[in-house]
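A.B. asks: I have a structure I would like to understand better, so I am pasting it below and will then ask my questions one at a time.
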6 protein chains.
Amino acid sequence: MLNLFAEAGKLKKLPRMGWLLRGVQSPESVAEHTFRVAFITLFLGDELRKRGMEINVEKALKIAILHDLAEARITDLPLEAQKYVDKKKAERKAMVDILGAERVEYFKLFQEYEEEKSPEGRLVKFADKLEMVLQAWEYEKAGSKGLEEFWEALEYLKKSEFYPYFKELVDELERLR
Amino acid sequence: MLNLFAEAGKLKKLPRMGWLLRGVQSPESVAEHTFRVAFITLFLGDELRKRGMEINVEKALKIAILHDLAEARITDLPLEAQKYVDKKKAERKAMVDILGAERVEYFKLFQEYEEEKSPEGRLVKFADKLEMVLQAWEYEKAGSKGLEEFWEALEYLKKSEFYPYFKELVDELERLR
Amino acid sequence: MLNLFAEAGKLKKLPRMGWLLRGVQSPESVAEHTFRVAFITLFLGDELRKRGMEINVEKALKIAILHDLAEARITDLPLEAQKYVDKKKAERKAMVDILGAERVEYFKLFQEYEEEKSPEGRLVKFADKLEMVLQAWEYEKAGSKGLEEFWEALEYLKKSEFYPYFKELVDELERLR
Amino acid sequence: MLNLFAEAGKLKKLPRMGWLLRGVQSPESVAEHTFRVAFITLFLGDELRKRGMEINVEKALKIAILHDLAEARITDLPLEAQKYVDKKKAERKAMVDILGAERVEYFKLFQEYEEEKSPEGRLVKFADKLEMVLQAWEYEKAGSKGLEEFWEALEYLKKSEFYPYFKELVDELERLR
Amino acid sequence: MLNLFAEAGKLKKLPRMGWLLRGVQSPESVAEHTFRVAFITLFLGDELRKRGMEINVEKALKIAILHDLAEARITDLPLEAQKYVDKKKAERKAMVDILGAERVEYFKLFQEYEEEKSPEGRLVKFADKLEMVLQAWEYEKAGSKGLEEFWEALEYLKKSEFYPYFKELVDELERLR
Amino acid sequence: MLNLFAEAGKLKKLPRMGWLLRGVQSPESVAEHTFRVAFITLFLGDELRKRGMEINVEKALKIAILHDLAEARITDLPLEAQKYVDKKKAERKAMVDILGAERVEYFKLFQEYEEEKSPEGRLVKFADKLEMVLQAWEYEKAGSKGLEEFWEALEYLKKSEFYPYFKELVDELERLR
């Protein structure tokens, strides 16, 4: 299990490449991003449950914590790289190797995220985008420029099944800009 | 809720002071530490449940994600500062302010961690120490020196109620040294 | 005495938290701030003396060099932390420990600063604020944003007994904005 | 042509992932590595020519300058990633896109490097490995640890057709260890 | 020869002082700058040759790779320092020492650059200025401010003998501003 | 006077080149070094006075604060650069420009340091060397290597007129190694 925890530790060292390539100096790591995705998932998940949606918060949290683990092996490939590399396929293979045969259940959780095939998987995707837009705003507030394209994720958020529940939140974020 | 997510974002900026004061250059952030504590909690929690212990993994994950949130307000006070500042009291007050009156349930989770009064709270404490020792080893492996005192947390791990379940893991960590 | 010099060395490692929390990447250290406070004190002190004010420049310089030494133990607590922590009390206790019983005279100098009870103590406070506003401007000039609140220290400067002597300087700083 | 120069500029931002993942703090960029590969190629190439080998130094220098350009699009994939991603294929496609249809001649130079099919291509590969081992030694000399595997490239150097010409150089490097 | 390669390695560590003094955090190194100067020289040189100018591209590339090597000994003295230090003289002496008596030919290449006495030397000077302006623009695009003076190099570019060949490129750069 | 304070601010940005060139990542700035030189001067100066030596502590502190100010213009030229550049002459000219004609008294203080012609000037030189050796030790304690040559300053300390007063301190430092 120590090896597995060491793999997770690599995410502390990996810069989020999108920011780096747009000139953000010492940008956040994948681990930092993942932390806030899990944090957001926690509060959104509980809120959905309170509002009567059937959602497994434990599962959602696990997905959030694991959702970028494959990057321990393949690093955070920026969008422009994905034209040349089959990122999904690479991530899937990397997850299998990292988790090992005896932890198939976690691989399934990862797939729910990647293929957006369960409400929990989609919720983490929603949290992932929300986290990124919030981070873009925080960098801009501190003086960074040239991060326009990251705001496009707002469109994803607005089309999501969760938007009706978190309209206020998303709209507030949009107004910040 | 956006304010709450922004508070969590501060943990990305806060260096873990213990490493910084011992000369680790650009050490991990509080957010990075928290990420791996949650990661470890996930796997330890599931393992305990498999072995028949009654443990609420959802609760444990929430505690892990929240356990250092107060540092968004009071920063990561190093051990040497705690002689001069009542850190526990400060954290409790900060948590109340960050979470707001309407989120009392999360404050209770935080207390379970801080006072080690539930198995889930103690499990996160165990994961917190384990994460720190692993990080010390990773820094040492890369060339850092002067981190001896962080290894003392091994004693905590060995006295824990969870040690019998994770003896192999803890002993492997100890041997790495 | 080597221990004392090592304590001072910690100030090189400690980031000024106010900047860090507002997104300034790799902000100045407490030691860097202290250096310029002492530098400013030197020139303001000599100027005051030339203009006929009775001011002990040696004492003022010592106060400047020592004024943030307690942070070697309690770190640079940002303004938002001071709601939860009694910073003054903590600093006083830390100073006693750092200096040791045999150096009471330096503790008294620190108190003159903290309680603003001598002209020299107040001059260093004036230099401390001036340094901070100047640094805010330098960060802004280089592209940082979101540092508005630091400019509020201008009000302190304008109400100071030293303002009549350094009106030109303070007004020039204000116009830079 | 400005776009092309901007692509090259991305190499300044990209950390060499191998070092990063082994804990080197703020490691060299791809651009820094490329600079020294070109530098080494210059002196090795001229030396070979002096010793009577038929080598096109202009071509070798161009290959050196271009050899990692594809990373502007796909980043510096570490060795462990290459199990999951077809790096060669990705690089080839990225080079075509970066250079554009009108610069086929440079793509051919890149292929000579990648497939080691000309003496110039192989010389740059030799310089590339030499540079990496030298960098490993420089990091170790400054305190880094855990870089053993990078020294394995010495085997490549010793098997190379250029080894007889630069035996002294390679052996000196090996002795440094 | 290993010593020579180690000297080149120092350029990776040396920050470009002009950016640093204007508040760019962790600015590019001399090695990173040199890389892109060589890159630009490659494409401009080939283009000139295609257009019928007699230009020795091999020589130009060598000059580009070597043009800042003296900084391994004297560091990147910013413009403001050159009022107090005879940089040209210092660089010449440092180059002699770094290259050694047996490599006089390379010292001559350096002189062609420094005294702008061959087309190849002047081309690298042109590439050097172009690279700097492009970098200024890239920093500004990412949020940096206060870099106005670096744009003055555009005047140099426009007066150059190469401007008629690269008018479009230079004008495009100017319009970016 | 604001210009003068801005000049001092540049010392925050300037890395101490000796460490940088030996591979210390993000080494201390000139301002950080200056801070501790002033700190050390304070305590050594008072101690000397207590022991009956006639020493002007105010003057000593001023010299300490000003001793590296010229580097705001010429940067921190490492030892290896001083073979190619007349650092003393450059610093003197830079100091004249920074201070301006109306502040000749401070230039004289600087000269006392540089030419070691007053006890106060020599005390700051002593503190300057002591600070550097202590810093070398602190870097080594944290894992840095290759800093042997900095320890040679111990010889200077032992030959100093102040050594009999601070024998214990210097010897303790030497034993740390």
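Bear in mind these aren't lab numbers, they're just calculated from the coordinates by the rules spelled out. These numbers come from a predicted model, not from an experiment. Cβ atoms come from the backbone with ideal geometry, glycine included; neighbour counts cover every protein chain shown.
A.B. asks: Quick one: dipole size for the stretch F:2-176, taken about the Cα centre, charges +1 on Lys/Arg Cβ and -1 on Asp/Glu Cβ, in debye to the nearest 20. Don't skip to the answer; put the middle values down first.
C.D. replies: On the way: 30 positive and 34 negative charges, 59 e Å.
Taking the Cα centre of the stretch F:2-176 as origin, the dipole is about 280 debye.
A.B. asks: Over all directions, the average projected area of the alpha-carbon convex hull for the stretch F:105-144 comes to how many nm²?
C.D. replies: So the Cα hull casts an average projection of 3.1 nm².
A.B. asks: How far, in nm to one decimal, is E:Arg92 from itself in the other copies if the label point is set 7 angstrom along Cα toward Cβ? Shortest first, please.
C.D. replies: Computed spacing set for this position: 2.4, 5.2, 6.7, 6.7, 7.6 nm.
A.B. asks: Normalised by the empirical 2.2 N^0.38 Å for globular proteins, what value does the Cα Rg of the stretch C:85-177 take?
C.D. replies: Numbers: Rg = 16.1 Å, N = 93, 2.2 N^0.38 = 12.3 Å.
Normalised Cα radius of gyration, the stretch C:85-177: 1.30.
A.B. asks: Looking at the calculated P(r) for the stretch E:10-92, what percent of the C-alpha pair distances fall above 20 Å? Kindly include the intermediate steps, with their values, before the conclusion.
C.D. replies: Numbers: 1502 of 3403 pairs.
When all Cα pairs of the stretch E:10-92 are counted, 44 percent exceed 20 Å.
A.B. asks: Could you pull out every whole DSSP H run in chain D that spans at least 24 Å of Cα extent along its own axis and averages -1.0 or higher on the Kyte-Doolittle scale?
C.D. replies: Counting only whole DSSP H runs, the qualifying helices are D:30-50, D:119-141.
A.B. asks: Right, another one. Based on alpha-carbon centroids, what's the gap between the stretch B:1-56 and the stretch C:80-139 in Å, whole number please?
C.D. replies: If you average the Cα positions of each part, the centres end up 33 Å apart.
A.B. asks: Around B:Met1, with a cut-off of 9 angstrom between Cβ atoms, what is the net charge of the other residues, counting Lys and Arg +1 and Asp and Glu -1?
C.D. replies: For residues surrounding B:Met1, the net value is -3.
A.B. asks: For C:Lys117, which inter-copy label distances result when the label point lies 7 Å beyond Cα on the Cα-to-Cβ vector, reported in nm to one decimal and in ascending order?
C.D. replies: List, nearest first: 4.2, 4.4, 7.4, 7.4, 8.5 nm.
A.B. asks: List, in order, the whole-Hz ³J(HN,Hα) value for each residue of the stretch E:146-163 obtained from phi through the Karplus relation with A = 6.51, B = -1.76, C = 1.60 and θ = phi - 60°; use x for Gly and Pro.
C.D. replies: So the J values, rounded to whole Hz, are x, 9, 3, 4, 5, 6, 4, 4, 4, 4, 4, 4, 6, 8, 6, 4, 8, 4.
A.B. asks: Let me check I've understood the local charge: for E:Ala142, count other residues with C-beta under 9 angstrom from its C-beta, Lys and Arg +1, Asp and Glu -1. What total comes out?
C.D. replies: Numbers: positive: A:Arg22, A:Lys145, E:Lys141; negative: E:Glu138, E:Glu140.
Here the charged neighbours net out to +1.
A.B. asks: Okay, moving on. For the stretch D:2-176, what relative contact order do you get, as a whole percent, if you take Cα pairs closer than 8 Å and at least 6 residues apart? Display every interim value, and only then the final one.
C.D. replies: Working: 178 pairs, mean separation 37.5, N = 175.
It rounds to 21 percent for the stretch D:2-176.
A.B. asks: What is the calculated FRET efficiency for D:Lys167 to D:Ser26, with r their C-beta to C-beta distance and R₀ = 30 Å, to the nearest 0.05?
C.D. replies: Values: r = 34 Å, r/R0 = 1.15.
So the FRET efficiency works out to roughly 0.30.
A.B. asks: Say the dipole of chain E comes from +1 at the beta carbon of Lys and Arg and -1 at that of Asp and Glu; which of E:Leu109, E:Val170, E:Ala81 then lies farthest toward its positive end?
C.D. replies: With unit charges placed on the Cβ atoms, the residue in question is E:Ala81.
A.B. asks: Copy-to-copy spacing for A:Glu161, label 7 Å out on the Cα-to-C-beta vector, in nm, shortest first?
C.D. replies: Here the equivalent label points are 3.9, 6.2, 7.1, 7.1, 8.5 nm apart from this one.
A.B. asks: Can you work out the FRET efficiency for the pair F:Lys88 and E:Glu155, with r the C-beta to C-beta distance and R0 = 22 Å, to the nearest 0.05? Don't jump to the answer; show the numbers that get you there.
C.D. replies: Working: r = 36 Å, r/R0 = 1.62.
For F:Lys88 and E:Glu155, the calculated efficiency is 0.05.
A.B. asks: What size of dipole, in debye to the nearest 20, comes out for the stretch C:1-79 about its Cα centre when the only charges are +1 on Lys and Arg C-beta atoms and -1 on Asp and Glu C-beta atoms?
C.D. replies: Details: 12 positive and 10 negative charges, 11 e Å.
For this selection, approximately 60 debye.
A.B. asks: Place the peptides D:27-35, F:71-79 in order of packing, highest mean first, counting for every residue the other Cβ atoms within 10 Å and averaging per peptide. Walk me through the intermediate numbers first.
C.D. replies: Values: D:27-35: 26.3, F:71-79: 21.6.
Top to bottom by mean Cβ count within 10 Å: D:27-35, F:71-79.
A.B. asks: Identify which of E:Gly18, E:Gly146, E:Gly121 has the largest mean-square fluctuation in a Gaussian network model of chain E, with springs joining Cα atoms closer than 10 Å.
C.D. replies: E:Gly146
A.B. asks: Please give the per residue volume of the convex hull enclosing the alpha carbon atoms of chain A, rounded to a whole number of Å³.
C.D. replies: Numbers: hull volume 20.3 nm³, N = 177.
Convex hull of Cα atoms, per residue: 115 Å³.
A.B. asks: Another question, then. Can you give me the convex hull volume of the Cα atoms of the protein assembly as shown, divided per residue and expressed in Å³?
C.D. replies: Cα convex hull per residue, to the nearest whole number: 175 Å³.
A.B. asks: Then there is this: Sum up the charges of everything whose Cβ sits under 14 Å from the Cβ of B:Tyr156, counting Lys and Arg as +1 and Asp and Glu as -1, but leave B:Tyr156 out.
C.D. replies: Details: positive: B:Arg122, B:Lys125, B:Lys129, B:Lys158, B:Lys159; negative: B:Glu116, B:Asp128, B:Glu131, B:Glu149, B:Glu152, B:Glu155, B:Glu161, B:Glu174.
The answer is -3.
A.B. asks: Also: Per DSSP helix of 4 or more residues, -39500 (n - 2.57); summed, then divided by the residues of the protein assembly as shown. What does that give at 222 nm, rounded to the nearest 500? Could the numbers behind the result be given before it?
C.D. replies: Values: 60 runs with 708 residues, N = 1062.
Taking each H run of at least 4 residues, the total per residue is -20500 deg cm²/dmol.
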